[in-house]
1. Being closer than 17 Å to LEU97 by Cα, in contact with a strand residue (DSSP E or B) (Cβ under 8 Å, 6 or more places away or on another chain) and touching a residue at least 24 places away in the same chain (Cβ under 8 Å) is true for just one of LEU62, LEU43. Which residue is that?
2. Residue check, SER102 against (1) surrounded by 13 or more Cβ atoms within 10 Å (Cβ to Cβ); (2) touching a strand residue (DSSP E or B) at 6+ places or on another chain (Cβ under 9 Å); (3) of a type in the set (S, T, N, Q), all met but one. Which one?
3. Please report, ordered by residue number, the helices (runs of 4 or more DSSP H) entirely within the range 46-111 with at least 1 residues that are over 16 Å from MET20 (Cα atoms), touching a Phe, Trp or Tyr at 6+ places or on another chain (Cβ under 9 Å) and aliphatic (A, V, I, L, M).
4. Might you check whether a residue that is farther than 18 Å from LEU13 by Cα and either hydroxyl-bearing (Ser, Thr, Tyr) or buried (at least 16 other Cβ atoms within 10 Å of the Cβ) (or both) occurs anywhere in the range 61-82?
5. Can you name every residue in the range 6-28 that is assigned to a loop (DSSP other than H, G, I, E, B) and either touching a His at 6+ places or on another chain (Cβ under 8 Å) or in contact (Cβ under 8 Å) with a residue 12 or more places away in the chain (or both)?
Amino acid sequence: MKIEAIQLDKAVLLRVNGRMDAESAHEFEEACQHWMSQGARHLIAELDGLQYISSMGLRSFLAVAQKMKAASGSLVLCGLTGLPRQVFEMTRLIGVLSVYDSASEAIAGLP
């Protein structure tokens, strides 16, 4: 898995590419924790490059979302397609996490 971070005015955009599984899910949490420690209040995970997600990957998204909410921030997802989107739909996490079609829509939806 590869994560590229781009600092924006209102948030940090994290472009996630590859496979998020038991071996790599912690990398996402570490990247989010890094930006939280730098003062980021909103994180946007751009997932159009995500090819696969396991239950550990789902757990990572939930854990980060809870931490961000506790810090009066948010984790927003965008670009969710294919198999990863099906996994989010089957587990009903699309209703729990904010999901947008594109990064520009996610940015516009931030407070």
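Every number here is computed from the coordinates shown, using simple stated rules; none is lab data. Worth saying up front: this structure is predicted, and the values here are computed from it rather than measured. Positions of Cβ are generated from backbone atoms using ideal geometry, with glycine treated the same way; all protein chains shown enter the neighbour counts.
1. Details: LEU62 fails: in contact with a strand residue (DSSP E or B) (Cβ under 8 Å, 6 or more places away or on another chain).
Only one candidate passes the filter, namely LEU43.
2. The number of the failed condition is (1).
3. 103-108
4. No, every residue in the range 61-82 fails to be farther than 18 Å from LEU13 by Cα and either hydroxyl-bearing (Ser, Thr, Tyr) or buried (at least 16 other Cβ atoms within 10 Å of the Cβ) (or both).
5. LEU8, LYS10, ALA11, ASP21, ALA22, SER24
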